[in-house]
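Step one of this worksheet: look at the structure below.
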Amino acid sequence: MEGIIFYWFMWLGWVVVTFIMKKNKSRVKLAFFLLVTILISKVFLVVSTFYINCSLIMFLLLGYYLAVKNKRKLVTFYLTNLTLTFAYAGIMLFHIYDPVWFVFDYRLIVSLIVSFLAIYLGKNSSQRFTFYLISVSQGEFLYWLIMSKFHDQVTFGTAAFLDMIVIGCAMIYLWTILQQFTLLVEQSLHRFQKQTKEKQG
């Protein structure tokens, strides 16, 4: 059932942010964002024959907010986002053209590919989330604009899109935790080796 992953991950994220995360301004903002995004996930803006999911707009605005907050080189930033935007739209179109290649659920495959590209191209977790949120949201618009030539009515921000955006964010979050854990282990080993050498000396 499309959309169920979105609700599970968003509620889980809200619980973690509200009850586990350290108390600060970022925690309040993030908890508010998650709750509002869940509440408006069934609300659509109607523009002509286009239906735009309000949660899609929220994710796109969050991506732009992170981009403004963390100043980047504009040319590199736009080129990277453009690359990932076309990657998302291209994979989605390829899924329509030749679905036989998608052995597993296409939502998982698209999320993994785009999130790994964001991880590879981003220098830190904030940049990776920024790239992913903006590119997937823009890619959703691009994909459905192309598909609108074959449909009378299209919906930007389908339930499948909501699933994909949270799966990708979860992948980036897990990668960040893995990096931090690896760094912690390396630091512990370095201290242990240093203490061993001091004792031997």
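The values are calculated or read from the model by the stated rules, or taken from the named source; none is laboratory data. Values in this document were obtained by computation on a predicted structure and should not be read as measured data. So basically every Cβ, Gly included, is an ideal-geometry build from the backbone, and we count neighbours across all protein chains shown. Each accessible area value is taken on the protein alone, full model and side chains, heavy atoms only, with ligands, DNA and RNA left out. Shrake-Rupley method; radii C 1.70, N 1.55, O 1.52, S 1.80 Å.
Suppose R0 equals 41 Å; then what is the FRET efficiency for Gln180 and Val47 from their Cβ-Cβ distance, rounded to the nearest 0.05? It would help to have the intermediate numbers written out before the result.
On the way: r = 42 Å, r/R0 = 1.03.
So the FRET efficiency works out to roughly 0.45.
Counting 0.36 nm for each residue step from Phe86 to Gln193 and taking away their Cα separation leaves a gain of 33.8 nm. Taking all C-alpha pairs of segment 108-201, those more than 23 Å from each other amount to 45 percent.
Assuming 0.36 nm per residue, please report the length gained on full extension of the stretch Tyr78 to Leu145 beyond their Cα-Cα distance.
Details: separation 67, 0.36 × 67 = 24.12 nm, distance 2.02 nm.
Separation in residues times 0.36 nm, less the Cα-Cα distance, equals 22.1 nm.
Taking a straight line from the alpha carbon of Lys42, these lysines sit under 24 Å away, with near neighbours fewer than eight places off in the same chain left out: Lys29.
Per-residue Karplus couplings for segment 118-134, computed as 6.51 cos²θ - 1.76 cosθ + 1.60 with θ equal to phi - 60°, are listed in order as 5, 5, 5, 8, x, 8, 8, 4, 4, 5, 5, 4, 4, 4, 5, 4, 5 Hz, Gly and Pro entered as x.
Starting from the Kirkwood radius over alpha-carbon pairs of segment 1-60, derive D by Stokes-Einstein at 10 °C in a medium of 1.306 mPa s and give it in µm² s⁻¹. Before the final figure, lay out each step's value.
Numbers: Rh = 12.6 Å.
D = 126 µm²/s.
Each helix, a run of at least 4 DSSP H residues, gives -39500 (n - 2.57); summed and divided by the residues of the chain, these come to -26500 deg cm²/dmol at 222 nm. Beyond 30 Å, the tail of the calculated P(r) for the chain holds 28 percent of the Cα pairs. Partners of Lys194 within straight-line reach, counting aspartates and glutamates whose Cα lies under 19 Å from its Cα and excluding those fewer than 8 residues away in the same chain: Glu186.
If a spin label sat at a point 7 angstrom from the Cα of Lys22 along the line to its beta carbon, the backbone N atoms of segment 121-164 nearer than 18 Å would be those of 125-126. Tell me, which longest segment in the chain has none of the chymotrypsin sites (Phe, Trp or Tyr not before Pro) that fall in DSSP loops with at most 13 further Cβ atoms within 10 Å? Longest gap between qualifying sites, sites excluded: 1-103. Of the trypsin sites (Lys or Arg not before Pro) found in segment 64-147, the ones in coil according to DSSP and having at most 12 other Cβ atoms within 10 Å of their Cβ are Lys71, Lys73, Lys123.
Hey, any idea what % of segment 1-91's accessible area is carbon plus sulfur with a 1.4 Å probe? Walk me through the numbers before you get to the answer.
Values: 4650 of 6110 Å².
Carbon and sulfur: 76 percent of the exposed surface of segment 1-91.
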